[in-house]
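First up is the structure itself, then whatever we jot down about it.
Derivation of every value follows stated rules applied to the coordinates shown; laboratory data play no part. None of these values were measured; they are calculated from a predicted model. Glycine also receives a Cβ, built like all others from the backbone with ideal geometry; neighbour counts cover every protein chain displayed.
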Amino acid sequence: MIGIIDYDIGNLANVHNAIAALGYQSIISPDKDVLKNCDALILPGVGAFEDGIAALKNRELIAFLDDWVKKDNFLLGICLGMQLLFDKSYENGVWSGLGYLPGDIMRFETELKVPHMGWNSLIKNRDDRIIDDIQEGEYVYFVHSYYAVEKNATDVVFYTEYGIRFPAVVRRGNVIGMQFHPEKSAATGKKLLKNYLEMTI
Amino acid sequence: MLTKRIIPCLDVRDGRVVKGTKFKDIKDVDDPVRLAKRYSDEGADELVFYDITASYEERDIFLNIVERVAQHVNIPFTIGGGIRTVDDFRKILLAGADKVSINSAAVTNPDVITDAAKRFGSQCVVLSIDAKENAAGTFDVFIKGGRENTSIDAVEWAKRGQELGAGEICMNSMDTDGVKDGFNIKLLKALDEVLTIPVIASGGAGTMQHFADAFLRGNADAALAASVFHYDEIPIMQLKRFLQEQNIEMRL
């Protein structure tokens, strides 16, 4: 069973639908007692970093997630969910993140249009089980105005380029992040989610 | 590199996809979920559905379609038509849509753009504008399905929409809509000069070259079309290959 963390921030049904389409079961819940019995967790989310962290705090999920990660369980952050995994964000202020991945979240400073919205290609940094069967150059769907600046290049599996090169897929231990939306990224997104499910169940 | 996007548009009435010309002469085309899945399989980058159902009771039928599309399609999709309030946004997003497009109601109540952007994020707020060229050579915003001229300047309105919090502008040129004579390049160029958010070109697609013009001359980020796809006049994959040959970045 995959637990999709419901902290009232964005659309969770699509992640649930994508997992169902792969033949796996998931449960959308804000409840620690439900989530703790899952095989792996997904932290989705869209919107502002400040709201995301506040919502996790209000539901008393931060200590639970700290413990979950310390015990080496699998956690996948998607979009804002990935950004929350880092140390801190400079989105309209300075906000502390969950700190599972060393690095900060910065706004795109570019001549290009912001948000970075649409299909962009993946650039490989290193091999990992999470990207089995996925080639460099495959496209995934992004919608974001902020990006992660990683402290350790070894945490980055795929980069993407938009004015600058930024992490698209990260992994440190069993904490994984995807800046794009795998649940909206057609066949490539489906393979990535399938890899995560196979790794964790 | 970020690709340009090809977006089939599906007008839905009474649970069916229909197509009209210049907002008139409506013809039945297909089942929305079946057609959406087909376009997704054929390489569409995104989909847009407009609810052109007249009566309020039938809104629930449409929400059910949104849910079914979300279950069967794994590319982003936008819902528009009859959106008035932040609660309309909420219902559609909860049903599984990625973005909501607002048109007439934003003209009468611009605050709804800001409220929706604050609540759900700019990325899901698309400001859709129906525009028509006037005698002075600028463009007027029309509302109520193209029936009423507001005399508001379309380019100014798009800019204001960006300031209010819209994440994307969908510009439908009424002069070119349904006549397959090409997208309105003049209008797209004017938008490109003032906007920093993505622009979807809409209205006028007839040939593959029209799409190339929208991207290369109009600098649009995405191009939307209906009938050329519904009636198989332009297969999506063939179009994307054609565009890539002209050095336009495409997801193939």
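Per-structure values
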{"read-out": "Computed [θ] at 222 nm, deg cm²/dmol, chain A (DSSP H ≥ 4; -39,500 (n - 2.57); rounded to nearest 500)", "value": "-7000 deg cm²/dmol"}
{"read-out": "Links that overshoot a 29 Å alpha carbon limit, given the list A:Lys88/B:Lys37; A:Lys194/B:Lys4; B:Lys186/B:Lys240; A:Lys32/B:Lys37", "value": "A:Lys88/B:Lys37; A:Lys32/B:Lys37"}
{"read-out": "Pairwise FRET efficiency - A:Arg107 versus A:Asp72, Cβ, R0 = 45 Å, nearest 0.05", "value": "0.85"}
{"read-out": "Karplus-derived 3J(HN,Hα), 6.51/-1.76/1.60, for each residue of the stretch B:99-105, Hz, glycine and proline x", "value": "9, 10, 10, 10, 10, 3, 4"}
{"read-out": "Distance between modelled label sites at A:Asp127 and A:Ala54, nm, 7 Å Cα→Cβ extension", "value": "4.6 nm"}
{"read-out": "Approximate spin-label separation A:Val34-B:Val179, in nm, with each point projected 7 Å along Cα-to-Cβ", "value": "5.5 nm"}
{"read-out": "B:Met237 paired with B:Asn219, simple spin-label distance in nm, labels 7 Å along Cα-to-beta-carbon", "value": "3.4 nm"}
{"read-out": "Loop-located chymotrypsin sites (Phe, Trp or Tyr not before Pro) in the stretch B:33-138, at most 10 other Cβ atoms within 10 Å (DSSP)", "value": "B:Tyr56"}
{"read-out": "Modelled label reach - B:Thr85, point 7 Å along Cα→Cβ, the stretch B:103-126 residues with backbone N closer than 14 Å", "value": "B:112, B:116"}
{"read-out": "Interchain or long-range residues, amide H under 5 Å from A:Ile28's placed H", "value": "A:Ile4"}
{"read-out": "Theoretical ellipticity at 222 nm over chain B - DSSP helices of four or more residues, -39500 (n - 2.57) apiece, nearest 500", "value": "-10500 deg cm²/dmol"}
{"read-out": "Dipole magnitude of the protein assembly as shown, debye to nearest 20 (Cβ charges: Lys/Arg +1, Asp/Glu -1, about Cα centre)", "value": "300 debye"}
{"read-out": "Gyration tensor verdict on chain B (Cα atoms; rounded if a/c is under 1.5, prolate if a/b is larger than b/c, oblate otherwise)", "value": "rounded"}
{"read-out": "Two-site FRET efficiency, B:Thr196 against B:Asn64, from Cβ-Cβ distance with R₀ of 60 Å, rounded to 0.05", "value": "0.95"}
